[in-house]
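Here is the structure we will look at, set down as structure tokens.
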Amino acid sequence: MSDMGNLRSVLDEGGYSGRRDATPSDLAVAALGVPLKVLRACESGGHQLAGNLLADALAGLSSSPKRLPSKYFYDARGSTLFERICEQPEYYLTRAELAIMRDHVGAIATALGSNVRLVEYGSGSSLKTRMLLQHLESPVAYVPVEISRSTLMESVAKLEHEFPDIEMLPVCADFTHPITLPRAARAPRRTVVYFPGSTLGNFAPSDALRLLRQMRGEAGQGGGMLDGGVLIGVDLVKDKAVLEAAYNDAAGVTAEFTLNLLSRLNRELGADFDLAGFRHRARYSALAGRIETSIVSTRAQDVHIDGCSFHFPPDESMQVEWSCKYTLEGFASMAARAGLRVTEVWTDPARQFSVEWLVCK
Ligand code: AVJ
């Protein structure tokens, strides 16, 4: 199928949020070869995301201790910085997961089976997805759900070129909210939710459990289909020094990534954070089994957003990210509570990271 063929099918089918006629700007976009659904999904999701940013920032800065949600790291600049984090020598996660995919993608594809509708939460740059799509037997559709519009559009444009026979159904949305995902034109054998990169680690245990249940719901909805499953990347508990180095790289990219959250609030909400007055801090709590990342105020200062004023005493820290680490047993018991059974686990030789195949119980 050609690129225009893909666009045609998107046009014929209408958007996942309802049919509407193509406007002149849609047609201009179609001519450029950008999938229409990306633009349409982003248009509807975009306002909501911006609205949530203000509400979430005000609520987070008003709470005690102050906090900001880590999902807002990923604007265009944050997504670029995250890709640079993945290249840092201390950040072992990406390399370990890629090594697992490289060594075991054949077995992984066999476990998932043929004619899969592949849903991906937080699709990022889709490098690991490319390996998966190359090895799966006649996959039906790829449904990436990604909060960063620029990342989503770039990765789908590339994948569409490389996999012209796979229906591309990109959705620009926040996957932490319940969403109705588009169905494929051709009937799949099962739905597989792919959640790589240890993104689950960014959620508190109760939210992680809720998200696993949401994925189980997406994978389990039958209608004559086989029950599907969840393919997930899970980072494992390890030495504190290794973990802390991964989140405090020597080149300072992670610090820049963390502080970009404040730049984003300045850019998008007209806040007046002075970046010179804040620093990045990431520490491992062995008790909680997680890296806790904070932004620390280096002096007394006041910050203004949307007519509200927030005071920071010196050394006050603002919680911005958790990166939870799991033992294989701990993760399996959480999955079980979400109605999922771990049936296969692949790890890298150093057992730093795992890719796990969960099926509906
Ligand atoms: C993309 C969520 C897996 O927590 O390791 C990297 C994000 N933050 N360095 C992680 C992140 C700081 C990353 N995840």
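The values are calculated or read from the model by the stated rules, or taken from the named source; none is laboratory data. Small disclaimer: the values here were computed from a predicted structure and weren't measured. Virtual Cβ from ideal backbone geometry, glycine too; neighbours counted across all protein chains shown.
Observations
- Flag: F203 does not match the condition of being away from the ligand (no atom under 16 Å from the Cβ) and of a type outside the set (G, A, S).
- Looking across the range 99-155, the residues that are within 16 Å of the ligand (Cβ to nearest atom) and over 21 Å from F353 (Cβ atoms) come down to P144, V145, E146, I147, S148, T151, L152, S155.
- Unique residue being more than 21 Å from S354 (Cα to Cα) and hydrophobic (A, V, I, L, M, F, W, C) when the list is A219, A241, A187: A187
- Scanning the range 299-332 for residues being of a type outside the set (K, R) and touching a strand residue (DSSP E or B) at 6+ places or on another chain (Cβ under 6 Å) gives a total of 19.
- Test: residue in the range 27-37 that is modelled with pLDDT of 50 or more and assigned to a helix (DSSP H, G or I): no
- Test: residue in the range 80-90 that is acidic (D, E), without any contact (Cβ under 8 Å) to a residue 40 or more places away in the chain and not in a strand (DSSP E or B): yes
- Any hit, the range 230-242, residues being within 16 Å of the ligand (Cβ to nearest atom), surrounded by 13 or more Cβ atoms within 10 Å (Cβ to Cβ), touching a residue at least 40 places away in the same chain (Cβ under 8 Å) and part of a helix (DSSP H, G or I): yes
- At least 1 residues being aromatic (F, W, Y) is the threshold, and among the strands (runs of 3 or more DSSP E) wholly inside the range 248-361 those reaching it are 278-285, 308-312, 317-324, 340-347, 353-360.
- Residues within the range 57-86 that are more than 18 Å from D174 (Cβ to Cβ), within 12 Å of the ligand (Cβ to nearest atom) and touching a helix residue (DSSP H, G or I) at 6+ places or on another chain (Cβ under 8 Å), tallied: 4
- The set of residues from the range 105-155 being of a type in the set (A, V, I, L, M) and touching a residue at least 60 places away in the same chain (Cβ under 8 Å) comprises A107, I108, A111, L112, V116, L118, V119, L132, I147, L152, M153.
- Hey, A219 in a helix (DSSP H, G or I), of a type outside the set (D, E) and touching a residue at least 24 places away in the same chain (Cβ under 8 Å) or not: yes
- The one condition from (1) in contact (Cβ under 8 Å) with a residue 60 or more places away in the chain; (2) within 16 Å of the ligand (Cβ to nearest atom); (3) not basic (K, R) that D306 does not meet is (2).
Each row is one residue, and each column tells you yes or no for (1) within 21 Å of F331 (Cβ to Cβ); (2) hydroxyl-bearing (S, T, Y).
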{"site": "P178", "(1), (2)": "no, no"}
{"site": "R186", "(1), (2)": "no, no"}
{"site": "T191", "(1), (2)": "no, yes"}
{"site": "N202", "(1), (2)": "yes, no"}
{"site": "P205", "(1), (2)": "yes, no"}
{"site": "R213", "(1), (2)": "yes, no"}
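- Contacts under 8 angstrom Cβ, first residue in the range 58-78 being within 18 Å of I291 (Cα to Cα), partner among the aromatic types (F, W, Y) and within 16 Å of the ligand (Cβ to nearest atom), 6 or more apart: S70/W322; F73/F82; F73/F257
- In the range 330-348 there is no residue matching the filter, namely being under 30 Å from F273 (Cα atoms) and either touching a Ser or Thr at 6+ places or on another chain (Cβ under 7 Å) or within 16 Å of the ligand (Cβ to nearest atom) (or both).
- Verdict on F310 being among the aromatic types (F, W, Y), at pLDDT 95 or above and crowded, with 20+ Cβ neighbours inside 10 Å: no
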